[in-house]
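Peer 1: The structure is given below, and queries will be raised subsequently.
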Amino acid sequence: MPSFDYAAPTSLAEAVKLMGSSGTVRAFAGGTDLIDQLKTNRRNADLVIDLKRIPELQKLEMGSDGLHIGAARSCSDVHHDATVNRLYGGLADATGLVGSVQIQNRAAVGGNVCNAAPSGDTTPNLLTHEAVAVITGPSGTRKIELADFFVGPGQTVLQSGEILQELILPKPPESSASAYLRFIPRNEMDIAVAGVSSFIHVDPATKTVRKARIALASVAPTPVRARGAESVLEGKVITEALIASAGDAAVESATPITDVRGSAEYRRELVRVLTRRTLSICLERIGISL
Amino acid sequence: MDLTVNGERHNLQVDRERSLLSVLRNELELTGTKYGCGEGNCGACTVLIDGEPSQSCITSASAAAGREVTTIEGLERDGELHPVQQAFAEHSAFQCGYCTPGFIISTVGLLSRKPDPTDAEIRSGLNGNICRCGAYTRIIRAVKSAAAGAEGNAK
């Protein structure tokens, strides 16, 4: 492995200062992506900054504006958290699917987001919950919609010296639920051929969809919202036929490539099927039967 | 850096970016933890960090500083094998044995979270460990037996 300097700051201010060091500086939470990328020369660094010891980045608590997830908080902690399981079911799904048990113990949700792989498992669900990214840098703190965070494969809007501090997920309303499913040929340590997260808020009396959010992984250069499928659902009474139409509409938002993991055509078909299945799981979680 | 391994504190002068695996094997001569793939896929290098199974090949030694690291060498007590080690031996849950320390450590981590796991929970709890000899059937038998033993002891 190429040699690099290593720092493990214990405060956010110290981390921001270190991020301004000369040369190529890279921050990590668990390092499960970055260390491997450094070993295989897919990324380089003069200074690597371990963010795991910064208390602000370890938050996992419900505030008045929603659930705060510190960017370095491990996937395992999020996966086992009672509030996450009750209110953000799709995030519990996704954090339990990343890599393996060992990877989940080290890897962080925020790190998964910053790695910006189109196949990142946690991102689609964060998008369906309309997560806000809190970014801290040399000129202070800014908040952006997570949907605007991704630029391309491995690329984000983070500017030099900036750190993703935390994600804020607004508290979902009653009678809503989310779910995440991915397809891979084996069950662990693999990368999604395609992944879909759905969030749906349904009026329990009339079964009318008040709000729908669908996001896709591994079928575009960045994680994407399937806005067409969302508008197919919203304002309508939920039925099997409507779920099927939403699945068809979601395919329109996918612009997949053909690679070793699957053909573009196969990925489009997966989006159709996974969209239907995640919507059905959401309804089950809400307690609505069709 | 200060590294606590199997309850013993070591003050080490090593490059801070060295992998925990390399420091365990080469500085502390704890060679029970194995190098497999070197990229966090196979689980042969699994150790417990604060009780959680983690891959020491992609964890820097610095990241483990100040935390409790447990390796396969730290499981026995007063010359007695840990119940999970005992169960793996009794069920011959290995052929070549290279993956075994990692599997045993992951099993200890799994049973601390889920003392009485189902077959499915065992499979998902050990999903970060690969056995190239394919001893999985016996491994699952050993885990169940270790869990039953621990429960028997508790009663």
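Peer 1: Work out the mean other chain Cβ neighbour count within 10 Å for the residues of A:188-197 and drop it here as an integer.
Peer 2: On the way: counts 8, 9, 1, 0, 0, 0, 0, 0, 0, 0.
Average neighbour count from other chains, rounded to a whole number: 2.
Peer 1: Filter the GluC sites (Glu not before Pro) in the stretch A:1-108 down to the DSSP loop ones having no more than 11 other Cβ atoms within 10 Å, then list what survives.
Peer 2: Values: sites: A:GLU14, A:GLU56, A:GLU61; in loops: none.
Of the GluC sites (Glu not before Pro), not one in the loops of the stretch A:1-108 has a Cβ with at most 11 other Cβ atoms within 10 Å.
Peer 1: At a Förster radius of 25 Å, what calculated FRET efficiency corresponds to the Cβ-Cβ distance of A:GLN155 and A:ASP190, to the nearest 0.05? It would help to have the intermediate numbers written out before the result.
Peer 2: On the way: r = 23 Å, r/R0 = 0.92.
Using R0 = 25 Å, I get an efficiency of 0.60.
Peer 1: To continue, here is another question. Quick check: the angle from helix A:240-251's long axis to the longest principal axis of chain A, C-alpha only, nearest 10 degrees?
Peer 2: The helix A:240-251 is inclined about 40 degrees to chain A.
Peer 1: Please give the charge dipole size of the stretch B:13-153, origin at the Cα centre, charges +1 on K and R Cβ atoms and -1 on D and E Cβ atoms. Round to the nearest 20 debye. Walk me through the numbers on the way to the answer.
Peer 2: Values: 13 positive and 17 negative charges, 87 e Å.
Approximately 420 debye in magnitude.
Peer 1: Just checking the output field for B:35-43: average partner chain Cβ neighbours within 10 Å of each residue's Cβ? Provide the component values of the computation, followed by the final result.
Peer 2: Details: counts 0, 0, 2, 5, 6, 14, 8, 2, 5.
The shielding value for this peptide is 5.
Peer 1: Relative to the first principal axis of the alpha-carbon coordinates of chain A, what is the inclination of helix A:264-286, with its axis defined by its Cα atoms, in degrees from 0 to 90 and to the nearest 10?
Peer 2: Relative to chain A, helix A:264-286 is tipped by roughly 80 degrees.
Peer 1: In addition: Does a label point 7 Å from the Cα of A:ASP5, set along Cα-to-beta-carbon, have any residues of the stretch A:43-65 with amide nitrogen under 14 Å, and which are they?
Peer 2: Only A:45-50 fall inside the zone, counting backbone N under 14 Å.
Peer 1: Shifting gears a bit: Label B:GLU73 and A:GLU174 with points 7 Å out from Cα along Cα→Cβ: what is the distance between them in nm?
Peer 2: Modelled inter-label distance: 5.9 nm.
Peer 1: Quick one: putting +1 on the C-beta of Lys and Arg, -1 on the C-beta of Asp and Glu, what dipole do you get for chain A around its Cα centre, in Debye to the nearest 20? Intermediate values should be presented prior to the final figure.
Peer 2: Values: 30 positive and 31 negative charges, 40 e Å.
Rounded to the nearest 20 debye, it is 200 debye.
Peer 1: Using the alpha-carbon centroid of each, what span in Å lies between the stretch A:206-254 and the stretch B:133-152?
Peer 2: Using only Cα atoms to place each centre, the spacing works out to 44 Å.
Peer 1: Please give the peptides B:49-58, A:121-130, B:77-86, B:123-132 ranked by average Cβ packing (other Cβ atoms within 10 Å per residue), highest first, as a rough proxy for protection.
Peer 2: Working: B:49-58: 25.0, A:121-130: 28.4, B:77-86: 13.8, B:123-132: 21.6.
Taking the mean over residues of other Cβ atoms within 10 Å, the ranking is A:121-130, B:49-58, B:123-132, B:77-86.
Peer 1: So between B:ASP119 and B:ARG132, what do we pick up on full extension, going 0.36 nm a residue minus the alpha carbon distance? Spell out each step's value before the answer.
Peer 2: Working: separation 13, 0.36 × 13 = 4.68 nm, distance 2.00 nm.
So the chain would gain 2.7 nm between B:ASP119 and B:ARG132.
Peer 1: Across peptide A:90-103, what mean number of C-beta atoms from other chains lies inside 10 Å of a residue's C-beta?
Peer 2: Whole-number average of other-chain Cβ neighbours for A:90-103 is 5.
Peer 1: Could you give the size of the charge dipole of the stretch B:83-154 about its Cα centre, using +1 on the Cβ of each K and R and -1 on the Cβ of each D and E, expressed in debye and rounded to the nearest 20? Write down the numbers at each step before the final one.
Peer 2: Details: 7 positive and 5 negative charges, 40 e Å.
I would put it at about 200 debye.
Peer 1: Would you mind telling me which residue in A:GLY120, A:GLY140, A:GLY30 has the biggest mean-square fluctuation in a Gaussian network model of chain A, where springs connect alpha carbons within a distance under 10 angstrom?
Peer 2: A:GLY140
Peer 1: Between A:ALA71, A:SER253, A:TYR180, whose Cα lies farthest towards the positive end of the dipole of chain A when Lys and Arg beta carbons carry +1 and Asp and Glu beta carbons carry -1, centred on the Cα centre?
Peer 2: A:SER253
Peer 1: As an exercise, use a Förster radius of 45 Å and the Cβ-Cβ distance of A:ARG210 and B:ALA148 to find the FRET efficiency, rounded to the nearest 0.05. All intermediate terms of the calculation are to be shown ahead of the outcome.
Peer 2: Working: r = 49 Å, r/R0 = 1.09.
That gives a FRET efficiency of 0.40.
Peer 1: Return the subset of A:LYS52/B:LYS34; A:LYS39/B:LYS144; A:LYS59/B:LYS34 for which the Cα-Cα distance in this structure is over 29 Å, preserving the input order.
Peer 2: Values: A:LYS52/B:LYS34 25 Å; A:LYS39/B:LYS144 37 Å; A:LYS59/B:LYS34 34 Å.
Over 29 Å apart, Cα to Cα: A:LYS39/B:LYS144; A:LYS59/B:LYS34.
Peer 1: For the stretch A:51-128 and the stretch A:133-203, write down the distance between their C-alpha centroids in whole Å.
Peer 2: The stretch A:51-128 and the stretch A:133-203 have Cα centres spaced 9 Å from each other.
Read-outs throughout are calculated quantities, based only on the coordinates presented, and are distinct from any laboratory measurement. These figures come from a predicted structure and were not determined experimentally. Glycine also receives a Cβ, built like all others from the backbone with ideal geometry; neighbour counts cover every protein chain displayed.
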